[in-house]
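Here's the structure, in structure tokens; my notes come after.
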Amino acid sequence: MNPTKRYLQTLLTYYEEEVSGETYFLGLAEHFVEHKKLMLLAKVERYAAQSVLPLLEKYALSPRDESILKAEGEEAIQQHQNMGWLQFMAHIVQRYPDYLDEFLALQAMAPKEDHLALKILTEHEVAAIDFARREIAGDPDSLDSLNQYLQR
Ligand SMILES: [Fe+2]
């Protein structure tokens, strides 16, 4: 199966969004007491971006400069910086399943040989949602899902 233009464009966009996402969580870390948890989420974002970087290289896709992507991530911080922690966790639980669907849709339009890398991208969203659910539930081991993801 040859990659479609739509696939390549979406892949590039999602890579860029993860790079922005890293800055977003790092920025949020300055506004919450739970900064260590947000730093870990930032790490997960970078890990997810890195997982599809070989695909960008394979298709000669050039992301925009990191400084531009970071600026986009910084813009998003203000939307959530004043939320309460549990409110922010609820936002993740509510909103991120949509992202998960988008990643699954990307996988569905991808050539088979790209699936392994894309699966790592998709799974970071599963880990983030699981983390947020466990935070809301007061699970002291809520970081397990993020740490396990980073060890895969
Ligand atoms: Fe992400």
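The values are calculated or read from the model by the stated rules, or taken from the named source; none is laboratory data. Source: prediction; values computed, not measured. Don't worry about glycine lacking a Cβ; one is built from the backbone with ideal geometry, like all the others, and counts go over all protein chains shown.
Does the range 80-96 contain at least one residue that is among the β-branched types (Val, Ile, Thr), crowded, with 16+ Cβ neighbours inside 10 Å and on the phi < 0 side of the Ramachandran plot?
Scanning the range 80-96 turns up at least one residue that is among the β-branched types (Val, Ile, Thr), crowded, with 16+ Cβ neighbours inside 10 Å and on the phi < 0 side of the Ramachandran plot.
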Query raised in the report: Among the residues of the range 30-48 satisfying the criterion of being free of Cβ contacts under 8 Å to residues at least 60 places away in the same chain and more than 15 Å from ILE92 (Cβ to Cβ), which is nearest to the ligand (Cβ to nearest atom)?
Result: ARG46
**Report entry** Qualifying residue in the range 106-113 (condition: among the acidic types (Asp, Glu) and under 14 Å from GLU17 (Cα atoms))
**Finding:** no
Report summary line: Per the list (1) in contact with a His (Cβ under 7 Å, 6 or more places away or on another chain); (2) under 20 Å from LEU11 (Cα atoms), residue check on PRO63 breaks on (1)
Report summary line: Sole miss for PRO63 among (1) in a loop (DSSP other than H, G, I, E, B); (2) free of Cβ contacts under 8 Å to residues at least 24 places away in the same chain is condition (2)
Report task. Give me a count of the residues in the range 1-28 that are touching a Lys or Arg at 6+ places or on another chain (Cβ under 8 Å) and either away from the ligand (no atom under 16 Å from the Cβ) or part of a loop (DSSP other than H, G, I, E, B) (or both). Result -> 1
Query raised in the report: Being within 21 Å of PRO3 (Cβ to Cβ), of a type in the set (Asp, Glu) and modelled with pLDDT of 95 or more, is that true of even one residue in the range 99-106?
Result: yes
Report task. Could you check, for the range 66-89, whether at least one of its residues is under 24 Å from LYS5 (Cα atoms) and away from the ligand (no atom under 14 Å from the Cβ)? Result -> yes
**Report entry** Set VAL33, VAL19, VAL44, VAL52: member being aliphatic (A, V, I, L, M) and surrounded by fewer than 14 Cβ atoms within 10 Å (Cβ to Cβ)
**Finding:** VAL33
